[in-house]
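Take a look at the structure set out below.
The values are calculated or read from the model by the stated rules, or taken from the named source; none is laboratory data. Here the structure is a predicted model, which is why all the values come from computation and not from measurement. All Cβ positions, even for glycine, are placed from backbone atoms using ideal geometry, and neighbour counts span all protein chains on display.
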Amino acid sequence: MEKLLVGRIAIVVGGGQTTGQTTGNGRATAISFAREGATVVVADRHWESAQETVALIHAEGGQAWAVAVDITQEEDIRQMVAAVVERHNRIDVLHNNVGIAASGGDKPIDCITQEAFDLLYAVNLRGMAMTCKHVLAVMDKQESGNIINVASIAGVAMYPNVAYKATKMGVLGLTQHIAMAYAAKGIRANAILPGLIDTPMAIETRVKLTGKPREQIIAERDAQVPLRGHMGTAWDVANAAVFLASDRAAFITGVNLPVDGGALARVGG
Ligand SMILES: NC(=O)c1ccc[n+]([C@@H]2O[C@H](COP(=O)([O-])OP(=O)(O)OC[C@H]3O[C@@H](n4cnc5c(N)ncnc54)[C@H](O)[C@@H]3O)[C@@H](O)[C@H]2O)c1
């Protein structure tokens with residue numbers, strides 16, 4: 001089968017993962033991009049975790065290298081982009097996967113702290129905006145490239161905590177802004193809205209925070225998904241990312257693509 005990203009230079013920010021029994025969205029996307037022929041720059045605050053993703057890609061014969069970046073620090077982002085440009089002289093795809101939720105102290109509006117709100121804002125929205133800013137400077141000169149920002153159905157659907165919801169809604173605004181600002185140059189920007197996905201970020205974090213057994217958390221989440229009553233996997237998110245990153249999506253920009261097993265279609269009833 002034709003590979004969709006041959007020769008592309010792709011950065012996956014948040015390409016490491018939370019430790020757990022399944023594969024995370026960022027890691028699955030990095031591996032999938034490499035399988036499609038891209039050279040993948042795996043960027044993460046946890047360099048060891050990024051290195052693990054790189055090792056998995058190398059074990060399959062793919063091309064990847066790791067870079068440490070904390071996206072709350074603009075200087076880290078500037079250095080990351082400079083390192084990629086020095087090595088490859090271009091950036092074709094930026095996949096922004098970083099996002100934190102309850103682990104950052106998110107709560108409903110009546111009890112959210114200023115510190116927790118600031119943290120989620122800095123990681124989920126400002127950090128993403130800053131990676132876009134610095135990568136777009138490169139794509140602008142090339143007059144090519146595309147960006148995928150990982151939001152969440154939580155941005156547009158019911159969700160118990162305020163900062164995650166508000167920042168993920170913000171990601172949609174950020175993405176639309178970029179799509180329109182760079183459309184004339186042929187640079188695309190799209191958002192993916194994962195629904196309930198069986199990843200360590202979702203499961204292991206809830207096990208830790210609620211003390212409920214893993215199987216119960218999984219069963220409760222499965223029950224909320226219309227399509228076959230099962231959560232999606234990180235590979236479902238990765239498949240959508242491969243499509244959006246590839247020329248198959250050449251006429252697609254500014255869209256919000258749910259990968260949610262029908263969750264957003266379940267309105268009323
Ligand atoms: N799992 C789900 O059910 C679900 C649902 C909707 C949306 N999402 C979204 O998917 C994305 C995460 O998926 P994942 O499974 O890869 O999560 P993950 O937690 O396994 O991986 C995220 C990576 O981001 C890194 N990171 C965190 N803060 C960072 C920072 N400041 N700078 C650089 N790196 C940082 C972490 O070290 C981690 O390796 C998030 O954007 C999340 O909101 C997940």
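Return yes or no: is residue 228 assigned to a helix (DSSP H, G or I) and among the basic types (Lys, Arg)?
Working: assigned to a helix (DSSP H, G or I): no; among the basic types (Lys, Arg): yes.
No: the conditions fail for residue 228.
I'd like to check something: does region 160-181 contain any residue that is in a helix (DSSP H, G or I), among the aromatic types (Phe, Trp, Tyr) and free of Cβ contacts under 8 Å to residues at least 60 places away in the same chain? Even if it seems obvious, please write down each step before you answer.
Looking only at region 160-181, we keep the residues that are in a helix (DSSP H, G or I), and these are 162-181.
Subset that is among the aromatic types (Phe, Trp, Tyr): 164.
Now narrow it down to the ones that are free of Cβ contacts under 8 Å to residues at least 60 places away in the same chain: none.
No: zero hits.
Kindly indicate whether any position in region 137-155 is in a loop (DSSP other than H, G, I, E, B), surrounded by fewer than 24 Cβ atoms within 10 Å (Cβ to Cβ) and within 15 Å of the ligand (Cβ to nearest atom).
Within region 137-155, not a single residue is in a loop (DSSP other than H, G, I, E, B), surrounded by fewer than 24 Cβ atoms within 10 Å (Cβ to Cβ) and within 15 Å of the ligand (Cβ to nearest atom).
From 107, 165, which residue is crowded, with 19+ Cβ neighbours inside 10 Å and closer than 27 Å to residue 223 by Cβ?
165
Per-residue answers, yes or no, for (1) farther than 23 Å from residue 188 by Cβ; (2) away from the ligand (no atom under 15 Å from the Cβ):
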position	(1), (2)
53	yes, no
59	yes, yes
66	yes, no
70	yes, no
77	no, no
80	no, no
86	yes, yes
90	no, yes
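Condition first: surrounded by 16 or more Cβ atoms within 10 Å (Cβ to Cβ), modelled with pLDDT of 95 or more, within 17 Å of the chain's Cα centre (by Cα) and under 26 Å from residue 31 (Cα atoms). Can you find one or more residues in region 111-121 that meet it?
no
Please go through region 1-51 and pick out each residue that is within 7 Å of the ligand (Cβ to nearest atom), of a type in the set (Gly, Ala, Ser) and part of a helix (DSSP H, G or I).
If the condition is that a residue be within 7 Å of the ligand (Cβ to nearest atom), of a type in the set (Gly, Ala, Ser) and part of a helix (DSSP H, G or I), then 26, 49 are the ones that fit.
Examine region 189-201 for a residue that is within 14 Å of the ligand (Cβ to nearest atom) and assigned to a helix (DSSP H, G or I), and state whether such a residue exists.
Start the filter on region 189-201 by keeping residues that are within 14 Å of the ligand (Cβ to nearest atom), which leaves 191-201.
Going one step further and asking which of them are assigned to a helix (DSSP H, G or I), we end up with 200-201.
Yes.
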